[in-house]
Amino acid sequence: MFFPGISCGYGKTSPAGTDAVRSSPHPTVLRSVVGCGERREPHRRTLLVLLWLVLWLLLHTAEAGVSASVDRQTVYEGDTLTLTLESDAGLSGKPELSPLKKDFEVLSSGTFSSFSFNNGRQSSRSGWRIKLRPTRIGDLVIPSIPMGGDKTRPIMVHVLPVPPEVAKRNAEKLFVETEIDTGGRDPYVQQQVKLTVRLYYRVRILDGQMSEPQPDADVIFERLGKERRYETVRNGLRYQVIERDYAMFPQRSGELRVPSVVFNGRIAKPKKPKPRRRRSFGDPFFDRFFEEDPFDDIFENDPFFAKGEPVVARSTSKTLKVLPPPKEFKGQHWLPAADVKLYDSWSESPLTLRVGEPVTRVLALRAKGLEGSQLPEPELADGPSYKVYPEQPTTSNRVEAGWVVGEIQRAFAIVPQKAGKLVLPEVRVRWWDITQDKERETVLPRWELEVLPGAGGQTKVTPPPTAKAAPAPSSRSGPASPPASEGAGNPWQWWPWALALLVVLVLTGLWLARRPRQPQQRPAAAERPKSSPSRVKSDAAALRRAREDLAKACEAGEPRKVAAALLALAREQWPDDPPLDLPALARRRPDQAAAFEALDRALYGAGEPEANWRGLCEIFREGFGGEVPARASGDDEEMLPPLYPNASE
């Protein structure tokens with residue numbers, strides 16, 4: 001039955017229809033109309049669900065533009081894995097890999113692209129493949145990596161320790177170990193800590209590379225000498241060993257983590273026995289020739305042709321506790337070292353001071369277990385009777401018996417201001433002895449010197465009168481300067497004279513260029529100016545006095561006088577580049593370096609046997625084995641002949 005004005009659609013019901021329903025005597029009609037209203041609500045819910053589903057698909061599709069995956073999520077310590085970053089929108093930029101360095105070592109990275117056809121539709125994908133190695137054991141997270149305008153999702157990776165049976169089997173072929181030497185105590189901040197890395201192997205290594213130790217950022221790191229190679233026996237097995245030494249200087253207190261050292265390489269595979277072929281020629285020579293391939297050994301032993309077996313060995317990481325400077329240390333500069341030495345040298349010997357004439361003193365600080373950059377600059381202040389003019393310090397490092405020996409030198413020009421006694425105070429340096437774990441002090445004795453009057457009998461340096469400062473110009477208004485002379489402010493009035501002078505210079509130059517040149521004659525030998533005989537006499541006399549001073553110092557047996565006399569004799573031998581101290585002199589004569597070092601130790605400490613340096617007196621009593629450079633030439637008959645005519649300089 002049809003009732004006008006009644007509809008189950010989503011349009012509006014007409015008033016006539018509404019009134020008909022209300023006044024209808026048929027309950028069936030009323031139930032039908034109410035049923036249509038109840039069916040509207042499920043349609044609305046279904047529409048909302050479909051709308052949310054479409055929105056979710058759109059968001060999921062947008063997020064799926066960049067994806068990340070790994071070839072395996074469970075690896076053993078030392079293994080590598082490949083992280084793949086894919087994008088269906090093309091490569092929009094290089095991914096930011098710095099978040100990976102927290103728990104992984106980035107070994108390599110590269111791009112890739114792929115195209116495919118599916119049901120007539122073409123699709124392409126491109127991305128990056130990154131080779132990683134975990135740096136520790138545990139559950140590690142590859143963080144979200146920015147790539148273009150998107151980010152990848154994090155990935156969990158499980159790193160397991162190598163099973164004991166596998167580790168034991170690999171260790172029989174090759175393994176890496178590290179050793180930290182702190183002298184049996186926790187090291188202090190800035191103290192040298194020796195790290196030794198050893199690679200043990202029993203197989204033939206085709207190629208490989210061992211990583212450098214990479215401790216925390218607040219560490220000064222230095223290689224000690226060259227690597228050493230030797231053989232040793234471990235657990236009844238003979239190994240070849242490659243050993244490297246390093247020096248670490250932690251710059252902050254607290255825990256210092258020394259990560260693992262990794263060896264990556266290829267080793268030769270064990271040669272499998274080949275099945276023997278049956279003889280078929282009846283002749284043992286031909287059977288043996290065709291049974292064995294002569295090229296097998298060539299290609300198996302050549303690293304370019306041999307495939308080899310990849311191998312990775314990793315040492316265990318270590319943690320070091322670094323202590324702060326002890327509270328009982330009273331020094332101005334924190335110097336943790338095995339030994340600290342102070343020494344000085346002079347530019348003249350015998351030392352003669354005169355008023356107003358500068359003389360150079362070199363102060364040097366040498367420390368065993370510290371770099372030169374860690375040492376404080378030597379200081380020398382002005383005194384009541386002298387002025388000091390310091391130069392820039394110089395630093396140097398060398399390696400001695402596994403220790404870094406740093407040195408800092410500084411030269412000071414000292415100018416006496418008056419005649420009489422000049423006293424240079426002693427120099428003291430406090431440092432911490434890491435071998436005895438206590439504070440010590442090194443002292444350089446003071447000098448008491450006699451200052452002679454200067455040239456012309458000058459007994460005192462008179463400072464120049466201080467010039468009075470010109471009065472500052474007043475900021476008040478008024479005439480700033482006297483009136484200038486007429487024409488001074490007009491430079492154009494001088495241009496005719498300048499032009500005339502320029503023309504004259506050009507013409508003169510052209511005339512000189514066109515003038516025929518006369519061959520220049522060299523002056524005859526008789527016309528050459530002769531050097532002053534007194535200059536040659538003075539050089540020979542200085543050399544003779546230096547040898548006599550050395551003989552007197554050796555006769556007295558005082559190390560300080562012997563050292564000063566040797567340096568004075570060296571200045572006559574090398575006047576253009578004289579050595580300033582005994583270590584520099586030892587480098588000139590390395591054959592007597594041990595004796596010079598013994599004399600150097602005798603200057604600053606007791607107990608050095610005299611026999612260790614006494615031989616210098618006999619060896620160098622006539623000089624250092626080279627000709628005395630002729631500072632002037634001439635025909636003076638009183639000129640001394642060279643000490644060793646046949647010796648080369």
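General observations
- Annotation note: of 110, 90, 127, 78, the sole residue that is small (Gly, Ala, Ser), assigned to a loop (DSSP other than H, G, I, E, B), modelled with pLDDT of 70 or more and open to solvent by less than 60 Å² (accessible area, probe 1.4 Å) is 78.
- Any hit, the range 68-75, residues being at pLDDT below 75 and surrounded by 14 or more Cβ atoms within 10 Å (Cβ to Cβ): no
- Test: residue in the range 115-127 that is under 30 Å from residue 256 (Cβ atoms) and of a type in the set (Gly, Ala, Ser): no
The rows are residues; the columns are (1) surrounded by fewer than 17 Cβ atoms within 10 Å (Cβ to Cβ); (2) of a type in the set (Ser, Thr, Tyr); (3) within 16 Å of residue 622 (Cα to Cα).
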site	(1), (2), (3)
542	yes, no, yes
552	yes, no, yes
558	yes, no, no
563	no, no, yes
567	no, no, yes
576	yes, no, no
579	no, no, no
582	no, no, no
590	yes, no, no
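- Complete set of residues in the range 416-427 that are under 23 Å from residue 378 (Cβ atoms) and in contact with a Leu (Cβ under 8 Å, 6 or more places away or on another chain): 416, 422, 423, 424, 426, 427
- Selection of the range 363-385 for residues being in a strand (DSSP E or B) and either open to solvent by 10 Å² or more (accessible area, probe 1.4 Å) or of a type in the set (Lys, Arg) (or both) yields 366, 368, 383.
- For the range 300-322, filtered to residues that are open to solvent by less than 90 Å² (accessible area, probe 1.4 Å) and more than 30 Å from residue 219 (Cβ to Cβ), the residue that is modelled with the highest pLDDT is 309.
- Count of residues meeting criterion [of a type in the set (D, E, K, R) and modelled with pLDDT of 80 or more] in the range 130-169: 6
- When residue 327 is tested against the conditions (1) open to solvent by less than 60 Å² (accessible area, probe 1.4 Å); (2) basic (Lys, Arg); (3) outside any strand (DSSP E or B), the lone failure is (1).
- Test: residue in the range 170-191 that is among the aliphatic types (A, V, I, L, M), in contact with a Pro (Cβ under 7 Å, 6 or more places away or on another chain) and over 16 Å from residue 79 (Cα atoms): yes
- Pairs where the first residue, in the range 330-350, is open to solvent by 70 Å² or more (accessible area, probe 1.4 Å) and the second is in a loop (DSSP other than H, G, I, E, B), C-beta under 7 Å, 6+ apart: 333/376
- Of the residues making up the range 387-396, one or more are in contact with a helix residue (DSSP H, G or I) (Cβ under 6 Å, 6 or more places away or on another chain) and open to solvent by 10 Å² or more (accessible area, probe 1.4 Å).
A quick yes/no check of all residues on (1) closer than 28 Å to residue 364 by Cβ; (2) at pLDDT 75 or above; (3) polar (S, T, N, Q):
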position	(1), (2), (3)
556	yes, yes, no
567	yes, yes, no
571	yes, yes, no
574	yes, yes, no
612	yes, yes, yes
626	yes, no, no
631	no, no, no
640	no, no, no
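Yes/no matrix, rows are residues, columns are (1) over 28 Å from residue 270 (Cα atoms); (2) among the charged types (D, E, K, R); (3) in contact with a Cys (Cβ under 7 Å, 6 or more places away or on another chain):
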residue	(1), (2), (3)
176	no, no, no
181	yes, yes, no
187	yes, no, no
204	no, yes, no
210	no, no, no
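- Unmet criterion (only one of (1) touching a strand residue (DSSP E or B) at 6+ places or on another chain (Cβ under 9 Å); (2) at pLDDT below 80) for residue 519: (1)
- Those strands (runs of 3 or more DSSP E) lying entirely in the range 394-441 with at least 2 residues over 26 Å from the mean Cα position of the chain (by Cα) and over 25 Å from residue 329 (Cβ atoms): 403-416, 420-424
The values are calculated or read from the model by the stated rules, or taken from the named source; none is laboratory data. All of these numbers come straight from a predicted model, not from anything done at the bench. Don't worry about glycine lacking a Cβ; one is built from the backbone with ideal geometry, like all the others, and counts go over all protein chains shown. Side chains are part of the model used for accessible areas, which takes the heavy atoms of the whole protein and leaves out ligands, DNA and RNA. Shrake-Rupley method; radii C 1.70, N 1.55, O 1.52, S 1.80 Å.
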